[in-house]
Amino acid sequence: MFQKLTKLTTALALSTAVAVPAFAELSGTLRITSDMSNPAPRAVMEKMASDFDAMHPNLSVELTVVDREAWKTQIRNALSANAPDVVNWYAATRMTPYVDAGLFMDISDLWSEPEMAALASTKGAMTLDGKQWGVPYTYYQWGVYYRKDIFEELGLSEPKTWAEELSNCQAIIDSGRKCYTIGSKYLWTAGGWFDYINSRTNGYDFHIQLANGEVAWTDDRVRATFANWRQLIDMGGFIEDHQSYSWQEAMPFMIDGKAAAYLMGNFSVAAFRDGGLTDDQLDFYQFPVINPDVPIGEDAPTDGWFLGANGANPEGAQAFISFLGSAEVQQLFLDEMGRLPTRTDVDLSGIEDPLTIRGIELVQSADQVLQF
């Protein structure tokens with residue numbers, strides 16, 4: 001981590017060399033709330049806030065880091081009274097309630113700046129009512145991460161179809177293991193399963209219509225989604241008592257070989273490796289096809305920075321999110337944290353991790369990208 005932060009300091013110095021004159025007169029207090037509460041992201045976030053503070057002698061940067069799950073319930077109240085100037089949140093439909101409530105600031109003017117052109121591919125995810133509300137800094141792909149050694153032991157191949165998925169699962173159960181670990185104490189992990197099974201069963205357009213309230217949840221097509229999901233549940237494919245575990249607490253089942261796979265985002269890779277899984281043991285595959293007549297969609301959630309509409313320092317806030325969205329900072333997130341960049345001018349040639357490379361290829365080859 002020391003080496004990473006040393007590289008970060010160098011990168012930030014380079015990235016701000018041009019930005020400093022433009023924002024040299026920043027002053028007052030800049031209040032930032034971040035949900036980067038895991039140790040490595042938190043260390044990077046603290047360093048970025050510290051260096052931005054040092055760049056502007058008349059500006060005092062105050063960073064508050066909150067638990068990622070707690071932030072999901074705290075954000076509305078936090079933005080309503082004595083709001084932070086800058087916050088972490090998510091793009092597309094996840095930002096809609098806060099835009100509609102007038103809690104996020106319209107930053108369309110910032111998007112008209114030339115340096116934002118490299119973020120054009122993600123502009124749609126940050127757009128609502130024809131206006132832009134945030135700056136994306138990373139996205140990540142989801143996949144079925146699995147124990148390659150267990151598959152090899154059982155003579156299994158990566159499934160391409162739902163029938164192959166069910167067949168693999170039965171073989172894993174017959175070996176005395178569970179097919180999947182999952183921690184559904186916080187419901188978003190189960191939401192990922194619904195995203196995939198519903199979009200694979202009924203297609204992306206239907207999935208979005210359902211999410212937007214344009215289709216009833218009692219529709220027969222939704223029932224078909226749950227019927228497909230129930231096949232895995234009824235055969236005993238998931239670990240017991242999953243509702244008692246967070247996503248991290250469910251990881252040991254796969255690390256210890258009691259479960260063979262985990263449908264999860266690629267942020268889990270570092271935790272799997274920290275848990276002892278080697279490159280010979282860990283791999284991932286694309287969620288299999290259920291209905292071959294519908295396009296392939298992939299969950300690739302976009303994380304962004306947003307300005308609190310009630311924040312006291314909008315000028316400092318815009319300068320800070322411009323800084324965080326810069327090519328240099330996104331390059332560092334890629335190089336040191338494995339976070340996929342949303343900018344098109346970030347150098348990908350240095351990527352050596354095969355799982356990161358395949359993740360990029362998976363998202364780029366998808367017919368549609370789902371926010372999650």
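The values are calculated or read from the model by the stated rules, or taken from the named source; none is laboratory data. Please read these numbers as outputs of a predicted model, since none were measured by experiment. Here Cβ is always computed from backbone atoms with ideal geometry, including for glycine, and neighbour counts include all displayed protein chains. These accessible areas exclude ligands, DNA and RNA; they are computed on the full protein's heavy atoms, side chains included. Shrake-Rupley method; radii C 1.70, N 1.55, O 1.52, S 1.80 Å.
Side notes on the structure shown:
- Where labels lie 7 Å past Cα in the beta-carbon direction, separation of residue 218 and residue 249 in nm: 3.5
- Working from Cα pairs under 8 Å separated by at least six residues, relative contact order for the chain is 28 percent.
- Dipole size of the chain about its Cα centre, with +1 on Lys/Arg Cβ and -1 on Asp/Glu Cβ: approximately 540 debye, rounded to the nearest 20.
- Solvent-accessible area per residue in the chain equals 44 Å², computed with a 1.4 angstrom probe and all protein chains kept.
- Legend: residues 357, 290, 75, sorted from most to least accessible area (1.4 Å probe; ligands, DNA and RNA excluded), read 357, 290, 75.
- Mean ellipticity per residue at 222 nm, deg cm²/dmol - from DSSP H runs of n ≥ 4 across the chain, formula -39500 (n - 2.57): -12500 deg cm²/dmol
- Solvent-accessible surface ranking, highest first, for 68, 223 at 1.4 angstrom: 223, 68
- Measuring nothing but protein heavy atoms, the accessible surface of the chain at 1.4 Å probe radius is 50 percent carbon and sulfur.
- With R₀ set to 45 Å, the beta-carbon distance separating residue 149 from residue 62 gives a calculated FRET efficiency near 0.40.
- Alpha-carbon spread of region 180-333, three principal axes, descending order, Å: 56, 45, 30
- Relative contact order of region 168-316, defined on C-alpha pairs under 8 angstrom at six or more residues apart (%): 39
- For the chain, the alpha-carbon coordinates run over 67, 47, 36 Å along the three principal axes, in decreasing order.
- Relative frequency of Cα-Cα separations exceeding 17 Å in region 289-372, percent: 60
- Here region 188-250 is treated as a sphere whose radius is the Kirkwood value from Cα pairs; by Stokes-Einstein at 4 °C and 1.567 mPa s it diffuses with a coefficient of 101 µm²/s.
- Cβ charges +1 (Lys, Arg) and -1 (Asp, Glu), total dipole of region 316-372, debye: 220
- Take every DSSP beta bridge whose two residues both sit in the chain; close to 60 percent of them are antiparallel.
- Column: log10 I(q)/I(0), Debye, Cα scatterers of region 62-171, q = 0.13, 0.15, 0.17, 0.22 Å⁻¹: -0.69, -0.77, -0.85, -1.22
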